[in-house]
Amino acid sequence: STGMVIITKDIDFGTPGVRKKVYKVYVTYKSGNNTTNVQVDYDVNGGTTFPYDFADGTNFASTELSAADGWQVAEFKPDTSSEANNVKSFRLRFATDGTVPADFEINDISIVYRLKNIK
């Protein structure tokens with residue numbers, strides 16, 4: 001379909017008042033070996049504009065998930081680590097710039113983060 005947008009809830013990792021550093025995000029997905037046309041970006045601290053991008057990584061280049069035959073894991077790292085540092089919450093957006101394959105699926109999302117010291 002076209003016009004697909006999936007936005008996660010504002011994830012605070014169970015500690016809304018504590019600062020965190022987000023290191024990586026892993027997404028398991030498949031696309032039937034078709035071009036996904038799915039871009040992934042993020043926002044922090046309740047934001048809704050999604051100005052932050054991820055650097056190219058495993059199964060992810062130019063802000064877009066790569067084609068995947070069977071389940072694949074994409075690894076995302078913030079392109080500027082300071083943008084994901086000292087945040088209280090984090091949310092992801094999966095959006096399309098074209099047609100998403102009918103067999104595109106996301107199985108799970110894992111986020112690697114660390115709590116910061118309370119000052």
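What residues have an amide H closer than 5 Å to that of Thr36, excluding those fewer than 5 places away on the same chain, when H is modeled at 1.01 Å from N in the peptide plane?
Ala67
Considering amide H positions built from the backbone, and no H for Pro or chain starts, which residues 5 or more places from Ala55, or on another chain, come under 5 Å of its amide H?
Placed amide hydrogens put Lys77, Asp79 under 5 Å from Ala55.
Can you give the relative contact order of region 6-76 as a percent, counting alpha carbon pairs under 8 Å and 6+ residues apart?
37
Using 0.36 nm per residue, how much length does the chain from Asp69 to Thr49 gain when fully extended, once their Cα-Cα distance is taken away?
Answer, rounded to one decimal: 4.0 nm.
Spelling out what I want: for every residue of region 74-81, take phi, set θ = phi - 60°, compute 6.51 cos²θ - 1.76 cosθ + 1.60 (Karplus), and round to whole Hz; glycine and proline get x.
Karplus values, whole Hz, x for Gly and Pro: 9, 10, 10, 10, x, 5, 10, 4.
Check the chain and count each lysine pair with an alpha-carbon distance under 23 angstrom, considering only pairs eight or more places apart or from different chains.
23
Rule-based calculations on the coordinates, nothing more; no lab input. Since we're looking at a predicted model, the values are computed, not measured.
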